[in-house]
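Everything on this sheet refers to the single structure shown next.
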Amino acid sequence: MGTARRKATDRRVARTHGALHDALITLILERGWDETSVQNVCDRANVGRSTFYAHFASKEKLLMSGFAALRQALRSQERSASEPRAPGFGFARGLIEHVHENQRLFRAVIGKRSGLVVQRRFRQLLVGLVEEDLAAASIPAARREAAAHYIAGALFELLTWWIDSRSSLAPRELETIFHELTAPVIGALRGVG
């Protein structure tokens, strides 16, 4: 396949994925996760069921692909940052800025209509990001998994509070708070032999 044809195909795939993700988020906000079917997503995105299933095995796989893309974007942004970031959890700034810029999307992820599946998958994304950073910081493996869940849960709640309360804190202020609150936990983990 030629380069031009491959690029055209890649753009079509990206458009299809984008339309499906947008449709899923809109429907979660309108109906809730449990009341949204693959057919609803297809209808809203103006995509046939066979096209949907050519790309995703289920609506949960569609959701997970969106979180995977977010994870990749956060890590990429972290690597290309032009200014120094606080040590550890370098993904936090990008995530906080993303949440701030996409409050409607985030409400779909954490709101009552999102359902347990969406919230659980988002928490898994956070746990994975935190656990990677704890491993890079040489936190002992015996405590790393529990600490990753603890810190990710705290970050989830902090983001939820920030959006729900419509706090006037700027993204960088929230990032500073997250790092300040997390520092004692990291200190305690490093002290464990």
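The values are calculated or read from the model by the stated rules, or taken from the named source; none is laboratory data. Model, not experiment: these values are computed from the prediction. Don't worry about glycine lacking a Cβ; one is built from the backbone with ideal geometry, like all the others, and counts go over all protein chains shown.
Determine whether the stretch 136-151 contains at least one residue that is crowded, with 17+ Cβ neighbours inside 10 Å, under 26 Å from GLY111 (Cβ atoms) and of a type outside the set (Asp, Glu). Scanning the stretch 136-151 turns up at least one residue that is crowded, with 17+ Cβ neighbours inside 10 Å, under 26 Å from GLY111 (Cβ atoms) and of a type outside the set (Asp, Glu).
Taking GLU132 as the residue in question, decide whether it is part of a helix (DSSP H, G or I), of a type in the set (Asp, Glu), surrounded by fewer than 17 Cβ atoms within 10 Å (Cβ to Cβ) and in contact (Cβ under 8 Å) with a residue 12 or more places away in the chain. Before you say what the answer is, go through the steps one by one.
Numbers: part of a helix (DSSP H, G or I): yes; of a type in the set (Asp, Glu): yes; surrounded by fewer than 17 Cβ atoms within 10 Å (Cβ to Cβ): yes; in contact (Cβ under 8 Å) with a residue 12 or more places away in the chain: no.
Criteria not met by GLU132.
Residue by residue, here is whether (1) crowded, with 19+ Cβ neighbours inside 10 Å; (2) of a type in the set (D, E, K, R); (3) not in a loop (DSSP other than H, G, I, E, B) holds:
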| residue | (1), (2), (3) |
| --- | --- |
| ALA54 | no, no, yes |
| ALA69 | no, no, yes |
| GLU97 | no, yes, yes |
| HIS100 | no, no, yes |
| PHE106 | yes, no, yes |
| VAL118 | yes, no, yes |
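Going residue by residue through the stretch 130-151, is there one that turns out to be more than 22 Å from TRP33 (Cα to Cα), touching a Ser or Thr at 6+ places or on another chain (Cβ under 7 Å) and of a type in the set (A, V, I, L, M)? Scanning the stretch 130-151, I find at least one residue that is more than 22 Å from TRP33 (Cα to Cα), touching a Ser or Thr at 6+ places or on another chain (Cβ under 7 Å) and of a type in the set (A, V, I, L, M), so the answer is yes.
In this structure, does ASP22 turn out to be assigned to a helix (DSSP H, G or I), modelled with pLDDT under 95 and not assigned by TED's automatic domain parsing to the domain that holds ILE110? When the stated conditions are applied, ASP22 passes them. The single condition among (1) closer than 22 Å to ARG123 by Cα; (2) over 17 Å from the mean Cα position of the chain (by Cα); (3) at pLDDT 95 or above that LYS61 does not satisfy is (2).
Look at LEU105 and say whether it is at pLDDT 95 or above, assigned by TED's automatic domain parsing to the domain that holds LEU74 and within 28 Å of SER58 (Cβ to Cβ). In short, no.
Does ARG44 satisfy being of a type outside the set (Gly, Ala, Ser), in the same structural domain as ARG120 (by TED's automatic domain parsing) and part of a helix (DSSP H, G or I)? Break it down stepwise before answering.
Numbers: of a type outside the set (Gly, Ala, Ser): yes; in the same structural domain as ARG120 (by TED's automatic domain parsing): no; part of a helix (DSSP H, G or I): yes.
No.
Taking residues in the stretch 156-178 that are modelled with pLDDT under 90, and partners anywhere that are surrounded by 18 or more Cβ atoms within 10 Å (Cβ to Cβ) and part of a helix (DSSP H, G or I), the pairs with Cβ atoms closer than 6 Å and at least 6 places apart or on different chains are ILE163/PHE106.
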